[in-house]
1. Report those strands (runs of 3 or more DSSP E) wholly inside region 94-199 carrying at least 1 residues which are among the small types (G, A, S) and surrounded by 14 or more Cβ atoms within 10 Å (Cβ to Cβ).
2. Could you please let me know if I217 is among the aliphatic types (A, V, I, L, M), modelled with pLDDT of 90 or more and within 25 Å of Y71 (Cβ to Cβ)?
3. Could you tell me which numbered condition C52 fails, if it satisfies all but one of (1) at pLDDT below 90; (2) surrounded by 13 or more Cβ atoms within 10 Å (Cβ to Cβ); (3) not in a strand (DSSP E or B)?
4. How many of the residues in region 102-153 are within 19 Å of R63 (Cβ to Cβ), at pLDDT 90 or above and among the aliphatic types (A, V, I, L, M)?
5. Give the number of residues within region 9-21 that are over 24 Å from D103 (Cα atoms) and out of contact with any helix residue (DSSP H, G or I) (no Cβ under 6 Å at 6 or more places or on another chain).
6. For region 71-86, indicate whether the set of residues that are aromatic (F, W, Y), in a helix (DSSP H, G or I) and modelled with pLDDT under 85 is non-empty.
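The values are calculated or read from the model by the stated rules, or taken from the named source; none is laboratory data. Just so you know, these numbers come straight off a predicted model, no measurement behind them. With ideal geometry, Cβ positions are generated from the backbone for all residues, glycine too; neighbour counts draw on all protein chains shown.
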Amino acid sequence: MNNQLLISQHTLFEKVPYEETMRLMQCLRAHQKQYKKGERIVVDGMPVQYVCAVLSGRIFMDRIDRFGNRYLYMEIPSRGLLGEPYLYSESWGGDVSYTAITDCTILLMEYGRLLHLCPRACPCHRQLLENFIGLLIQKNQRLMQKIEIVSKKSLRGRIQTYLRLLMRQQRSDVVACPLNRTEMAEFLCVNRSAMTRELFCMQEEGLIELKKQTVRIKNHRLWE
C-alpha cells in the first residue's frame, strides 16, 4: 500500500482531509523510517525528539534487565503511537525500548511541532491534537489492563484475567491469542514452562480447550 495512503489512514489523522494531512507532514517536519524484524527502534538514553506513528508492522514495548531477562510491557499495533510517554524528558527512561516484531514502517514527527499549534491555528491541527489525546487515552486504558493482569498473585489468575480480556475484546468464547507462548509468558511476567503446564492443567480440568494460538473458554461459571 502507498505510504501516503497509510499515513492518511492512521488514527492520528482521522477526520483530517487527505490534502491537509499531506500539508501537515511539512508542518510537523515528518519523515518515515523502515525497520527490520528484530531491530531495536528506541534504546534507553536516546534523546527525545519525535513522536512516532506506526504505519505498518508490529512493535513491542519491552525491557531487558542486566541478567538478560525480557519483560514485554505491551504491543504497539499498526496505527498506534510510540515515544509519547517521554515527552518533555531529556532522554528515554526506565530502560524501556521498542522492538520490531515484524518489518515495520514508522512516521517520525517533531513533538514540539505536534503539541503546539502553528501560527495559522488551522482546524486540521486542532483535530490532530484531539486524535493524539484520544490515542493517549487508549494506551492508558491498555496499560491499566496490564496492571490488572500482573496484580494477580497466582499464575492461573494472570492467565484467566488475560483470557477474559481477550473474550471482551473479541466478543467470543473462542479467542485468538495475538501472542505466541513465549510472548505471552513475557507479557504475563511468568515462566514459560510453568505457564504451559498451567494451560494444559486448565484444559484437563475442562476450563479451556487449546488449539495452537486459539483458546476456547468452557464452563463460564468457573471463570466468575
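1. So the answer is 96-100.
2. no
3. With respect to (1) at pLDDT below 90; (2) surrounded by 13 or more Cβ atoms within 10 Å (Cβ to Cβ); (3) not in a strand (DSSP E or B), C52 is out only on (3).
4. Qualifying residue count, region 102-153: 4.
5. 2
6. So far as region 71-86 goes, yes, one or more of its residues are aromatic (F, W, Y), in a helix (DSSP H, G or I) and modelled with pLDDT under 85.
Rundown of residues vs (1) of a type outside the set (S, T, N, Q); (2) on the phi > 0 side of the Ramachandran plot; (3) in contact (Cβ under 8 Å) with a residue 12 or more places away in the chain, yes/no style:
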{"site": "C118", "(1), (2), (3)": "yes, no, yes"}
{"site": "L129", "(1), (2), (3)": "yes, no, yes"}
{"site": "I133", "(1), (2), (3)": "yes, no, no"}
{"site": "I137", "(1), (2), (3)": "yes, no, no"}
{"site": "V150", "(1), (2), (3)": "yes, no, yes"}
{"site": "V174", "(1), (2), (3)": "yes, no, yes"}
{"site": "E186", "(1), (2), (3)": "yes, no, yes"}
{"site": "K212", "(1), (2), (3)": "yes, yes, no"}
